[in-house]
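K.L.:
Below is one structure. I have some questions about it.
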Amino acid sequence: EQVVIYNLANQKIFMDLLDVVDSDLVIEASTDSFIGFENLKLKALLNNEPLEIEETYRYAHTKYFGISTHKRYTFRLTIPIEHLAAHNAISFFLVYNDIELPLKMIATTYNAKIDTRVRSGYWILNNTFMARYQKKNKGLSIDTSSKFEHFKQELRLLKNMFFNKSYRSREMMFFRIVYWITHPFMKKKIIWLTYDKLYKGGDCGEYLYRYMCTRKDYVTPAYVINRDSPDYKRLKKEGYHPLAYGSLKHRLYYVNSSVVFTTHGGVHSFNAFTNKQVSFIEDLLHHDVACIQHGLTVQQLAFNSNRLFNNMKRYYC
């Protein structure tokens, strides 16, 4: 009797990050590694032309009760934006002998810019191109886009955020509308946002905020803390203007920020967005993330300290 250990038809590409770095489109992704995977070939195509796949060896373990059961194969694609045409299609295949199996793309992390569960989701890159997942997620399309096309796609997204029964959020639909109304005014600010533990201040974040307040000619400093915290009242008394955690102003400052200086792993949760909520606005996030450590790390934080968890650009100790 034969026993099926693994069905290649179930193999998927996990899109972990889309980003523009200098003049390149960078795609960080992963796929399940299984017994015999080394005998197969992973192929990536841009408009039917092969792309170089760079293995990255980053942290991608699946653990149960602290024990690693397997590690995904992680890799990076780097595509010069100047090489993109008016219409582009990126696709992945698993090759065994002469058989090419197209792989479905899945994206559920907020650094992926487009969540595959969000119908009509999109990402505008370099103010020129619009990225979207093709039907059944068998490919990523990147096409030149006008402001009118952008507007039409936004209306499709808002409609699905309101009516789609499988995955929707009417709350985040209204937030996106508020974002677009206020963005012409907010985009003029260079917002640097930071925080400590939300229930108290007095650590790295507050001291960085105090320093930033002496540099108002360059940045708009923002410090987040709970409204009912004694340190919130203290900062207000000292003449500062901290952001009350979870307020509309706080959320808008976060989405429009240029840099977030974080002291903890879950950046979007420290800025009042759940995992589901952030999936509807991840295309709007353009900030860099820098870690400002509170002290020595004594816990096992490999999962939420790896670079792609928050697309961390700097780590200050």
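K.L.:
Select from segment 60-78 the residues that are in a strand (DSSP E or B) and either without any contact (Cβ under 8 Å) to a residue 24 or more places away in the chain or open to solvent by 60 Å² or more (accessible area, probe 1.4 Å) (or both) and list them in ascending order.
P.N.:
His61, Thr62, Lys63, Tyr64, Ile67, Ser68, Thr69, His70, Lys71, Thr78, listed by residue number.
K.L.:
Please go through (1) touching a residue at least 40 places away in the same chain (Cβ under 8 Å); (2) touching a Phe, Trp or Tyr at 6+ places or on another chain (Cβ under 8 Å) for Lys197 and return the number of the only condition it doesn't satisfy.
P.N.:
Single failed check for Lys197: (2).
K.L.:
Tell me, please, whether a residue that is within 15 Å of Val20 (Cβ to Cβ), hydroxyl-bearing (Ser, Thr, Tyr) and under 20 Å from the mean Cα position of the chain (by Cα) can be found in segment 78-94.
P.N.:
yes
K.L.:
Moving on to the next point. Among the residues that make up segment 104-112, is at least one of them free of Cβ contacts under 8 Å to residues at least 12 places away in the same chain and either open to solvent by 60 Å² or more (accessible area, probe 1.4 Å) or in contact with a Pro (Cβ under 9 Å, 6 or more places away or on another chain) (or both)?
P.N.:
The answer is no; no qualifying residue exists.
K.L.:
Could you check, for segment 238-257, whether at least one of its residues is of a type outside the set (A, V, I, L, M), out of contact with any Leu (no Cβ under 8 Å at 6 or more places or on another chain) and in contact (Cβ under 8 Å) with a residue 40 or more places away in the chain?
P.N.:
Yes, segment 238-257 contains a residue that is of a type outside the set (A, V, I, L, M), out of contact with any Leu (no Cβ under 8 Å at 6 or more places or on another chain) and in contact (Cβ under 8 Å) with a residue 40 or more places away in the chain.
K.L.:
Determine which member of the set Phe270, Phe280 is aromatic (Phe, Trp, Tyr) and in contact with an Asp or Glu (Cβ under 9 Å, 6 or more places away or on another chain).
P.N.:
Details: Phe270 fails: in contact with an Asp or Glu (Cβ under 9 Å, 6 or more places away or on another chain).
Within the list Phe270, Phe280, the selection yields Phe280.
K.L.:
Also: Has segment 79-95 got any residue that is among the β-branched types (Val, Ile, Thr), over 27 Å from Asn306 (Cα atoms) and assigned to a strand (DSSP E or B)?
P.N.:
There is at least one residue in segment 79-95 that is among the β-branched types (Val, Ile, Thr), over 27 Å from Asn306 (Cα atoms) and assigned to a strand (DSSP E or B).
K.L.:
Here are some residues: Asn310, Asn275. Which one is in contact with a strand residue (DSSP E or B) (Cβ under 7 Å, 6 or more places away or on another chain) and in contact (Cβ under 8 Å) with a residue 60 or more places away in the chain?
P.N.:
Values: Asn275 fails: in contact with a strand residue (DSSP E or B) (Cβ under 7 Å, 6 or more places away or on another chain).
Answer to the check: Asn310.
K.L.:
Hey, any hits in segment 32-46 for a residue that's of a type outside the set (A, V, I, L, M), farther than 19 Å from Arg132 by Cα, assigned to a strand (DSSP E or B) and open to solvent by 50 Å² or more (accessible area, probe 1.4 Å)?
P.N.:
yes
K.L.:
Of everything in segment 50-59, what is surrounded by 13 or more Cβ atoms within 10 Å (Cβ to Cβ) and either modelled with pLDDT of 95 or more or within 21 Å of Pro102 (Cβ to Cβ) (or both)? Give them in sequence order. Spell out how you get there, then give the answer.
P.N.:
From segment 50-59, those surrounded by 13 or more Cβ atoms within 10 Å (Cβ to Cβ) are 51, 53, 56, 58-59; that's our starting set.
Those that are surrounded by 13 or more Cβ atoms within 10 Å (Cβ to Cβ) and either modelled with pLDDT of 95 or more or within 21 Å of Pro102 (Cβ to Cβ) (or both): Leu51, Ile53.
K.L.:
So, one more: Of the numbered conditions (1) touching a helix residue (DSSP H, G or I) at 6+ places or on another chain (Cβ under 7 Å); (2) of a type in the set (Lys, Arg); (3) open to solvent by 50 Å² or more (accessible area, probe 1.4 Å), Lys12 fails exactly one; give the number of that condition.
P.N.:
(1)
K.L.:
So the check is Cβ under 7 Å with 6+ separation or different chains; which pairs have a first residue in segment 163-191 that's farther than 12 Å from Ile281 by Cα and a second one that's crowded, with 16+ Cβ neighbours inside 10 Å and of a type in the set (Gly, Ala, Ser)?
P.N.:
The qualifying pairs are Ile191/Ala222; Ile191/Ser257.
K.L.:
For a quick check of your reading: which helices (runs of 4 or more DSSP H) sit entirely within segment 231-317 and have at least 1 residues that are at pLDDT 95 or above?
P.N.:
Where helices (runs of 4 or more DSSP H) fall fully within segment 231-317 and carry at least 1 residues being at pLDDT 95 or above, they are 248-255, 275-278.
K.L.:
Would you point out which residue out of Leu101, Leu40, Leu46 is at pLDDT 95 or above and either of a type in the set (A, V, I, L, M) or under 30 Å from Thr144 (Cβ atoms) (or both)? First the steps, then the outcome.
P.N.:
Details: Leu101 fails: at pLDDT 95 or above; Leu40 fails: at pLDDT 95 or above.
One residue alone meets the criteria, Leu46.
The values are calculated or read from the model by the stated rules, or taken from the named source; none is laboratory data. Nothing here was measured: the structure is a model prediction, and the numbers come from that model. No Cβ is skipped: glycine too gets one built from the backbone with ideal geometry, and neighbour counts run over all protein chains shown. Ligands, DNA and RNA are stripped out before the accessible areas are found, and what is left, the full protein with its side chains, is counted by its heavy atoms. Shrake-Rupley method; radii C 1.70, N 1.55, O 1.52, S 1.80 Å.
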